[in-house]
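Okay, so here's the structure we're looking at.
The values are calculated or read from the model by the stated rules, or taken from the named source; none is laboratory data. What you see is a predicted model; the values in this text were computed from it and never measured. Quick reminder, even Gly has a Cβ in these numbers, built from the backbone with ideal geometry, and neighbours come from all protein chains shown. What goes into the accessible areas is simple: the full protein's heavy atoms, side chains included, and nothing from ligands, DNA or RNA. Shrake-Rupley method; radii C 1.70, N 1.55, O 1.52, S 1.80 Å.
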Amino acid sequence: MSVFITSSGRHLPGPPINNEQIEPLLGLVHGKASRLKRRILQSNGIHTRHYAIDANHNTLITNSAMAAQAAEQCLHDSFLNKRQVKMLSAATSQGDIVLPGFGSMVQAELGLSDIELHSSHGICSSSMMALKTAYTNIKAGEQNNALVVASELTSRLFKASRYEAAGAAIDFNAEFLRWMLSDGAGALLLEQQPRGQCFRIDWIRSFSHADAYPVCMSVGFPSEQNGDRSWQDYPTYAEAEAAGALLIRQDVRLLENIVKLGVDGYLRLIAESRVQPEKVDHVLCHYSSHYFRGKIFDMMQRAGVGIAEEKWYSNLYSRGNTGCASIFIMLDEFKRTQSYKTGDTILCMVPESGRFNNAYMQLTVVEA
(Lines give C-alpha, C1' and ligand atoms only; values in the text may rest on other atoms or scores of the structure.)
Protein backbone atom coordinates (compact mmCIF):
# COMPACT_ATOMS: atom_id res chain seq x y z
CA MET A 1 0.00 0.00 0.00
CA SER A 2 1.35 3.43 -0.94
CA VAL A 3 1.10 6.59 1.17
CA PHE A 4 0.91 10.07 -0.32
CA ILE A 5 1.45 13.59 1.01
CA THR A 6 -1.59 15.26 -0.53
CA SER A 7 -1.54 18.64 1.19
CA SER A 8 0.64 20.86 3.38
CA GLY A 9 0.48 24.03 5.44
CA ARG A 10 2.56 26.26 7.68
CA HIS A 11 2.26 29.04 10.20
CA LEU A 12 5.02 31.59 10.83
CA PRO A 13 4.07 34.00 13.62
CA GLY A 14 4.43 37.76 13.30
CA PRO A 15 6.49 39.67 10.74
CA PRO A 16 9.97 38.60 9.58
CA ILE A 17 12.59 39.76 12.10
CA ASN A 18 15.97 40.74 10.68
CA ASN A 19 19.31 40.36 12.44
CA GLU A 20 19.30 43.90 13.84
CA GLN A 21 15.84 43.42 15.35
CA ILE A 22 16.57 40.22 17.28
CA GLU A 23 18.25 41.59 20.38
CA PRO A 24 15.78 44.48 20.95
CA LEU A 25 13.01 41.86 20.84
CA LEU A 26 14.64 39.17 23.00
CA GLY A 27 16.18 41.75 25.33
CA LEU A 28 19.64 42.84 26.45
CA VAL A 29 20.96 40.47 29.11
CA HIS A 30 21.95 42.58 32.12
CA GLY A 31 21.52 45.61 29.84
CA LYS A 32 24.52 44.68 27.68
CA ALA A 33 24.68 43.87 23.98
CA SER A 34 25.90 40.39 23.09
CA ARG A 35 29.50 40.09 21.94
CA LEU A 36 28.81 36.73 20.26
CA LYS A 37 25.70 37.61 18.27
CA ARG A 38 27.35 38.92 15.10
CA ARG A 39 29.80 36.03 14.91
CA ILE A 40 27.08 33.39 15.26
CA LEU A 41 24.71 35.12 12.81
CA GLN A 42 27.46 35.46 10.20
CA SER A 43 28.12 31.76 10.54
CA ASN A 44 24.51 30.54 10.34
CA GLY A 45 23.62 32.82 7.40
CA ILE A 46 20.04 33.41 8.57
CA HIS A 47 18.73 36.82 7.48
CA THR A 48 15.15 36.76 8.83
CA ARG A 49 13.05 34.59 11.15
CA HIS A 50 9.78 34.75 13.08
CA TYR A 51 8.95 34.94 16.79
CA ALA A 52 5.72 34.26 18.66
CA ILE A 53 6.63 36.71 21.44
CA ASP A 54 6.76 40.51 21.31
CA ALA A 55 9.35 42.94 22.70
CA ASN A 56 7.49 42.98 26.03
CA HIS A 57 7.85 39.19 26.08
CA ASN A 58 4.15 38.54 25.82
CA THR A 59 3.34 35.28 24.04
CA LEU A 60 1.20 36.23 21.05
CA ILE A 61 0.19 32.69 20.06
CA THR A 62 0.76 29.40 21.88
CA ASN A 63 2.71 26.49 20.43
CA SER A 64 -0.41 24.34 20.11
CA ALA A 65 -2.28 27.22 18.44
CA MET A 66 0.55 27.63 15.90
CA ALA A 67 0.37 23.92 15.16
CA ALA A 68 -3.39 24.22 14.72
CA GLN A 69 -2.99 27.17 12.34
CA ALA A 70 -0.62 25.16 10.14
CA ALA A 71 -3.01 22.20 10.22
CA GLU A 72 -5.96 24.43 9.35
CA GLN A 73 -4.13 25.71 6.26
CA CYS A 74 -3.19 22.15 5.31
CA LEU A 75 -6.81 20.96 5.56
CA HIS A 76 -8.10 24.07 3.79
CA ASP A 77 -5.98 23.15 0.76
CA SER A 78 -6.99 19.46 0.89
CA PHE A 79 -9.97 17.33 -0.11
CA LEU A 80 -10.77 16.44 3.52
CA ASN A 81 -12.58 18.24 6.28
CA LYS A 82 -11.90 17.90 9.99
CA ARG A 83 -14.57 15.24 10.49
CA GLN A 84 -12.78 12.97 8.00
CA VAL A 85 -9.36 13.10 9.72
CA LYS A 86 -8.58 9.71 11.30
CA MET A 87 -5.23 10.30 13.00
CA LEU A 88 -3.23 13.21 14.42
CA SER A 89 0.52 12.81 14.90
CA ALA A 90 2.14 15.87 16.51
CA ALA A 91 5.76 16.77 17.28
CA THR A 92 7.55 19.44 19.27
CA SER A 93 10.61 19.83 21.46
CA GLN A 94 8.61 21.59 24.15
CA GLY A 95 4.86 22.00 24.43
CA ASP A 96 3.15 24.89 26.18
CA ILE A 97 2.81 22.74 29.30
CA VAL A 98 4.80 19.73 30.52
CA LEU A 99 1.80 17.39 30.55
CA PRO A 100 -0.36 16.17 28.84
CA GLY A 101 1.24 15.32 25.51
CA PHE A 102 1.46 17.95 22.79
CA GLY A 103 -0.86 15.99 20.51
CA SER A 104 -3.71 16.27 23.02
CA MET A 105 -3.35 20.05 23.13
CA VAL A 106 -3.25 20.35 19.32
CA GLN A 107 -6.26 18.06 18.95
CA ALA A 108 -8.25 20.28 21.32
CA GLU A 109 -7.17 23.42 19.43
CA LEU A 110 -8.31 21.87 16.18
CA GLY A 111 -11.52 20.41 17.57
CA LEU A 112 -10.84 16.99 16.02
CA SER A 113 -13.15 14.26 17.30
CA ASP A 114 -12.69 10.51 17.60
CA ILE A 115 -9.16 10.28 16.20
CA GLU A 116 -6.11 8.14 16.88
CA LEU A 117 -3.47 10.29 18.58
CA HIS A 118 0.32 10.27 18.72
CA SER A 119 2.75 12.73 20.37
CA SER A 120 6.40 12.76 19.33
CA HIS A 121 8.85 14.43 21.72
CA GLY A 122 12.43 15.21 20.76
CA ILE A 123 14.32 17.86 18.82
CA CYS A 124 14.69 18.32 15.05
CA SER A 125 14.00 14.74 14.03
CA SER A 126 10.87 14.38 16.19
CA SER A 127 8.79 15.59 13.22
CA MET A 128 10.17 12.76 11.10
CA MET A 129 9.37 10.29 13.89
CA ALA A 130 5.80 11.64 13.99
CA LEU A 131 5.65 11.35 10.22
CA LYS A 132 6.92 7.78 10.20
CA THR A 133 4.38 6.75 12.83
CA ALA A 134 1.57 8.12 10.67
CA TYR A 135 3.10 6.61 7.53
CA THR A 136 3.41 3.11 8.99
CA ASN A 137 -0.05 3.37 10.53
CA ILE A 138 -1.54 3.99 7.09
CA LYS A 139 0.62 1.33 5.42
CA ALA A 140 -0.59 -1.19 8.00
CA GLY A 141 -4.15 -0.36 7.08
CA GLU A 142 -5.01 0.95 10.54
CA GLN A 143 -6.16 4.32 9.18
CA ASN A 144 -6.69 5.74 5.70
CA ASN A 145 -5.36 9.23 6.47
CA ALA A 146 -3.33 11.13 9.06
CA LEU A 147 -2.59 14.75 9.82
CA VAL A 148 1.03 15.28 10.89
CA VAL A 149 2.00 18.54 12.61
CA ALA A 150 5.31 19.88 13.94
CA SER A 151 5.64 23.13 15.84
CA GLU A 152 8.28 25.00 17.85
CA LEU A 153 8.06 28.02 20.14
CA THR A 154 11.61 28.30 21.46
CA SER A 155 11.72 32.10 21.76
CA ARG A 156 10.22 31.89 25.25
CA LEU A 157 13.53 30.30 26.30
CA PHE A 158 15.53 33.22 24.92
CA LYS A 159 14.08 36.12 26.92
CA ALA A 160 16.82 38.15 28.62
CA SER A 161 15.18 37.44 31.98
CA ARG A 162 15.89 33.69 31.58
CA TYR A 163 19.62 34.32 31.39
CA GLU A 164 19.63 36.97 34.11
CA ALA A 165 17.97 34.50 36.49
CA ALA A 166 20.85 32.10 35.87
CA GLY A 167 23.62 34.42 37.02
CA ALA A 168 26.00 37.13 35.98
CA ALA A 169 27.55 35.69 32.82
CA ILE A 170 26.19 33.56 29.98
CA ASP A 171 28.41 30.74 28.83
CA PHE A 172 28.84 30.25 25.08
CA ASN A 173 26.91 26.97 24.97
CA ALA A 174 23.87 28.62 26.58
CA GLU A 175 23.94 31.68 24.31
CA PHE A 176 24.65 29.89 21.01
CA LEU A 177 21.08 28.79 20.28
CA ARG A 178 19.66 32.23 21.12
CA TRP A 179 20.87 33.37 17.70
CA MET A 180 20.00 30.12 15.91
CA LEU A 181 16.42 29.07 16.70
CA SER A 182 13.05 30.70 16.07
CA ASP A 183 9.35 29.86 15.94
CA GLY A 184 7.01 28.26 13.41
CA ALA A 185 4.82 25.29 12.55
CA GLY A 186 4.28 23.01 9.57
CA ALA A 187 1.70 20.36 8.69
CA LEU A 188 1.35 17.52 6.18
CA LEU A 189 -1.70 15.45 5.26
CA LEU A 190 -1.07 11.76 4.47
CA GLU A 191 -3.58 9.66 2.53
CA GLN A 192 -3.80 6.25 0.91
CA GLN A 193 -4.73 7.77 -2.42
CA PRO A 194 -3.01 10.44 -4.51
CA ARG A 195 -4.74 13.78 -5.15
CA GLY A 196 -3.71 15.75 -8.21
CA GLN A 197 0.05 16.26 -8.32
CA CYS A 198 1.37 15.19 -4.94
CA PHE A 199 4.26 13.34 -3.25
CA ARG A 200 4.43 9.57 -2.76
CA ILE A 201 6.48 8.56 0.29
CA ASP A 202 8.91 5.90 -0.94
CA TRP A 203 10.51 5.27 2.46
CA ILE A 204 11.48 6.91 5.75
CA ARG A 205 14.62 5.78 7.59
CA SER A 206 16.60 7.03 10.56
CA PHE A 207 19.85 6.20 12.35
CA SER A 208 20.26 7.09 16.02
CA HIS A 209 23.67 7.31 17.71
CA ALA A 210 22.56 8.09 21.27
CA ASP A 211 24.38 5.01 22.56
CA ALA A 212 27.71 6.25 21.24
CA TYR A 213 27.65 10.03 21.78
CA PRO A 214 27.00 12.28 24.78
CA VAL A 215 24.19 14.83 24.91
CA CYS A 216 24.90 17.71 22.54
CA MET A 217 21.74 19.85 22.83
CA SER A 218 19.60 19.92 25.94
CA VAL A 219 17.35 21.67 28.42
CA GLY A 220 17.51 20.41 32.00
CA PHE A 221 21.18 20.18 32.94
CA PRO A 222 22.88 22.91 35.01
CA SER A 223 25.82 24.95 33.69
CA GLU A 224 28.40 22.53 35.03
CA GLN A 225 26.55 19.33 34.27
CA ASN A 226 28.00 15.91 34.76
CA GLY A 227 24.92 14.06 33.65
CA ASP A 228 23.73 12.91 37.05
CA ARG A 229 21.63 15.91 38.12
CA SER A 230 18.72 17.38 36.23
CA TRP A 231 16.44 20.36 36.86
CA GLN A 232 14.01 18.08 38.68
CA ASP A 233 16.61 17.16 41.31
CA TYR A 234 16.75 20.68 42.79
CA PRO A 235 14.66 21.45 45.90
CA THR A 236 12.83 24.24 44.05
CA TYR A 237 12.39 25.33 40.45
CA ALA A 238 13.93 28.68 41.40
CA GLU A 239 17.14 26.93 42.47
CA ALA A 240 17.20 24.95 39.24
CA GLU A 241 16.80 28.18 37.27
CA ALA A 242 19.56 29.88 39.24
CA ALA A 243 21.87 26.97 38.42
CA GLY A 244 21.16 27.45 34.72
CA ALA A 245 19.34 24.13 34.47
CA LEU A 246 16.39 25.65 32.58
CA LEU A 247 18.51 27.16 29.79
CA ILE A 248 18.71 25.51 26.39
CA ARG A 249 22.29 24.56 25.60
CA GLN A 250 24.34 23.31 22.67
CA ASP A 251 27.71 21.68 23.27
CA VAL A 252 29.42 23.22 20.26
CA ARG A 253 32.50 21.02 20.70
CA LEU A 254 30.35 18.01 19.78
CA LEU A 255 28.37 19.74 17.05
CA GLU A 256 30.82 18.98 14.23
CA ASN A 257 29.83 15.30 14.55
CA ILE A 258 26.52 16.14 12.92
CA VAL A 259 28.13 16.42 9.47
CA LYS A 260 30.06 13.17 9.72
CA LEU A 261 27.07 11.20 11.03
CA GLY A 262 24.67 12.80 8.57
CA VAL A 263 26.82 11.84 5.60
CA ASP A 264 27.42 8.40 7.14
CA GLY A 265 23.65 7.79 7.13
CA TYR A 266 23.45 8.95 3.51
CA LEU A 267 26.18 6.46 2.55
CA ARG A 268 24.37 3.66 4.37
CA LEU A 269 21.20 4.43 2.41
CA ILE A 270 23.20 4.19 -0.82
CA ALA A 271 24.59 0.84 0.34
CA GLU A 272 21.02 -0.31 1.04
CA SER A 273 20.09 0.77 -2.54
CA ARG A 274 17.51 3.20 -1.14
CA VAL A 275 19.31 6.23 -2.59
CA GLN A 276 20.80 6.50 -6.07
CA PRO A 277 22.53 9.90 -6.09
CA GLU A 278 22.35 10.29 -9.87
CA LYS A 279 18.56 9.86 -9.77
CA VAL A 280 17.90 12.45 -7.04
CA ASP A 281 16.28 15.55 -8.59
CA HIS A 282 15.83 17.70 -5.46
CA VAL A 283 17.40 17.74 -1.99
CA LEU A 284 15.70 19.32 1.03
CA CYS A 285 18.14 19.23 3.93
CA HIS A 286 17.49 20.72 7.34
CA TYR A 287 21.04 21.90 7.96
CA SER A 288 20.74 24.19 10.96
CA SER A 289 23.38 26.64 9.83
CA HIS A 290 24.93 27.74 6.53
CA TYR A 291 28.24 26.85 8.16
CA PHE A 292 27.42 23.16 7.70
CA ARG A 293 26.25 23.39 4.08
CA GLY A 294 29.73 23.52 2.53
CA LYS A 295 31.02 20.84 4.88
CA ILE A 296 28.19 18.48 3.86
CA PHE A 297 28.84 19.14 0.15
CA ASP A 298 32.58 18.59 0.54
CA MET A 299 32.23 15.34 2.45
CA MET A 300 29.70 13.92 -0.03
CA GLN A 301 31.89 15.00 -2.93
CA ARG A 302 34.99 13.38 -1.43
CA ALA A 303 33.01 10.17 -1.00
CA GLY A 304 32.14 10.28 -4.71
CA VAL A 305 28.41 10.53 -4.11
CA GLY A 306 27.80 14.28 -4.32
CA ILE A 307 24.55 15.79 -5.57
CA ALA A 308 24.78 18.94 -7.71
CA GLU A 309 24.36 22.13 -5.67
CA GLU A 310 21.59 23.46 -7.94
CA LYS A 311 19.40 20.55 -6.80
CA TRP A 312 19.49 21.68 -3.15
CA TYR A 313 16.66 23.79 -1.78
CA SER A 314 16.49 25.47 1.63
CA ASN A 315 14.47 28.32 3.12
CA LEU A 316 16.69 28.49 6.23
CA TYR A 317 17.90 31.97 5.29
CA SER A 318 14.44 33.58 5.22
CA ARG A 319 12.37 31.38 7.56
CA GLY A 320 15.00 30.59 10.18
CA ASN A 321 15.78 27.38 12.00
CA THR A 322 12.48 26.21 13.46
CA GLY A 323 13.74 22.89 14.82
CA CYS A 324 11.42 19.98 14.16
CA ALA A 325 9.05 22.18 12.13
CA SER A 326 11.76 23.15 9.64
CA ILE A 327 11.46 20.21 7.25
CA PHE A 328 7.65 20.54 7.03
CA ILE A 329 7.84 24.31 6.49
CA MET A 330 10.54 23.73 3.88
CA LEU A 331 8.54 21.07 2.05
CA ASP A 332 5.43 23.27 2.07
CA GLU A 333 7.35 26.22 0.61
CA PHE A 334 9.11 23.99 -1.93
CA LYS A 335 5.73 22.67 -3.05
CA ARG A 336 4.29 26.15 -3.46
CA THR A 337 7.23 28.01 -4.99
CA GLN A 338 9.62 25.63 -6.77
CA SER A 339 9.49 23.89 -10.14
CA TYR A 340 9.24 20.13 -10.24
CA LYS A 341 7.60 17.56 -12.48
CA THR A 342 5.89 14.20 -12.21
CA GLY A 343 8.47 11.47 -11.71
CA ASP A 344 10.97 13.71 -9.91
CA THR A 345 12.66 12.26 -6.83
CA ILE A 346 13.03 14.36 -3.67
CA LEU A 347 15.46 13.41 -0.91
CA CYS A 348 14.73 14.93 2.52
CA MET A 349 17.38 14.89 5.26
CA VAL A 350 17.05 15.90 8.93
CA PRO A 351 20.28 15.61 10.94
CA GLU A 352 19.59 16.19 14.64
CA SER A 353 22.26 17.15 17.15
CA GLY A 354 20.32 16.44 20.37
CA ARG A 355 22.08 13.11 20.79
CA PHE A 356 22.59 12.58 17.09
CA ASN A 357 19.59 11.06 15.34
CA ASN A 358 19.58 11.46 11.56
CA ALA A 359 16.36 10.94 9.59
CA TYR A 360 15.89 10.62 5.83
CA MET A 361 12.91 10.34 3.49
CA GLN A 362 12.51 9.86 -0.24
CA LEU A 363 9.50 11.24 -2.10
CA THR A 364 8.44 10.80 -5.71
CA VAL A 365 6.24 13.35 -7.47
CA VAL A 366 3.14 11.57 -8.80
CA GLU A 367 -0.02 12.61 -10.63
CA ALA A 368 -3.42 11.13 -9.80
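Quick rundown of the values:
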read-out: Where Asn137 falls short, out of the listed (1) under 21 Å from Leu177 (Cα atoms); (2) open to solvent by 10 Å² or more (accessible area, probe 1.4 Å); (3) polar (S, T, N, Q); value: (1)
read-out: Residues of segment 180-193 classified as hydroxyl-bearing (Ser, Thr, Tyr) and surrounded by fewer than 24 Cβ atoms within 10 Å (Cβ to Cβ), total; value: 0
read-out: Leu177 surrounded by fewer than 20 Cβ atoms within 10 Å (Cβ to Cβ), assigned to a helix (DSSP H, G or I) and at pLDDT 95 or above; value: no
read-out: Whichever residue in segment 277-308 is open to solvent by 60 Å² or more (accessible area, probe 1.4 Å) and touching a residue at least 40 places away in the same chain (Cβ under 8 Å) and, among such residues, is farthest from the chain's Cα centre (by Cα); value: Lys279
read-out: Of all residues making up segment 1-43, the number that are in contact with a strand residue (DSSP E or B) (Cβ under 6 Å, 6 or more places away or on another chain) and either open to solvent by less than 10 Å² (accessible area, probe 1.4 Å) or among the aromatic types (Phe, Trp, Tyr) (or both); value: 6
read-out: Selection from segment 140-166 of residues that are assigned to a loop (DSSP other than H, G, I, E, B), in contact (Cβ under 8 Å) with a residue 60 or more places away in the chain, out of contact with any Leu (no Cβ under 9 Å at 6 or more places or on another chain) and open to solvent by 30 Å² or more (accessible area, probe 1.4 Å); value: Gly141
read-out: Condition met for Ala130 (of a type in the set (A, V, I, L, M, F, W, C), buried (at least 17 other Cβ atoms within 10 Å of the Cβ) and touching a Cys at 6+ places or on another chain (Cβ under 9 Å)); value: yes
read-out: Index of the failed condition, Arg274 passing every other in (1) open to solvent by less than 60 Å² (accessible area, probe 1.4 Å); (2) touching a residue at least 60 places away in the same chain (Cβ under 8 Å); value: (1)
read-out: Which numbered condition Ala240 fails, given (1) open to solvent by less than 60 Å² (accessible area, probe 1.4 Å); (2) over 28 Å from Val350 (Cβ atoms); (3) not in a helix (DSSP H, G or I); value: (3)
read-out: Test: residue in segment 44-52 that is without any contact (Cβ under 8 Å) to a residue 40 or more places away in the chain and either open to solvent by 40 Å² or more (accessible area, probe 1.4 Å) or basic (Lys, Arg) (or both); value: no
read-out: Selected residue (only one of Ser223, Ser206, Ser218 is within 25 Å of Leu267 (Cα to Cα) and either surrounded by fewer than 21 Cβ atoms within 10 Å (Cβ to Cβ) or without any contact (Cβ under 8 Å) to a residue 12 or more places away in the chain (or both)); value: Ser206
read-out: Test: residue in segment 251-273 that is farther than 20 Å from Cys348 by Cβ, part of a loop (DSSP other than H, G, I, E, B) and over 18 Å from the mean Cα position of the chain (by Cα); value: yes
read-out: Among residues of segment 330-368, those that are in a loop (DSSP other than H, G, I, E, B), open to solvent by less than 30 Å² (accessible area, probe 1.4 Å) and more than 18 Å from Ile307 (Cα to Cα), counted; value: 3
read-out: Condition check for Tyr317: in contact with a Leu (Cβ under 9 Å, 6 or more places away or on another chain) and either aromatic (Phe, Trp, Tyr) or at pLDDT below 95 (or both); value: no
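Condition check ((1) under 24 Å from Gln193 (Cα atoms); (2) hydroxyl-bearing (Ser, Thr, Tyr); (3) modelled with pLDDT under 95; (4) surrounded by fewer than 22 Cβ atoms within 10 Å (Cβ to Cβ)) across all residues:
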| site | (1), (2), (3), (4) |
| --- | --- |
| Thr62 | no, yes, no, yes |
| Ser89 | yes, yes, no, no |
| Leu99 | no, no, no, yes |
| Ser104 | no, yes, no, yes |
| Glu109 | no, no, no, yes |
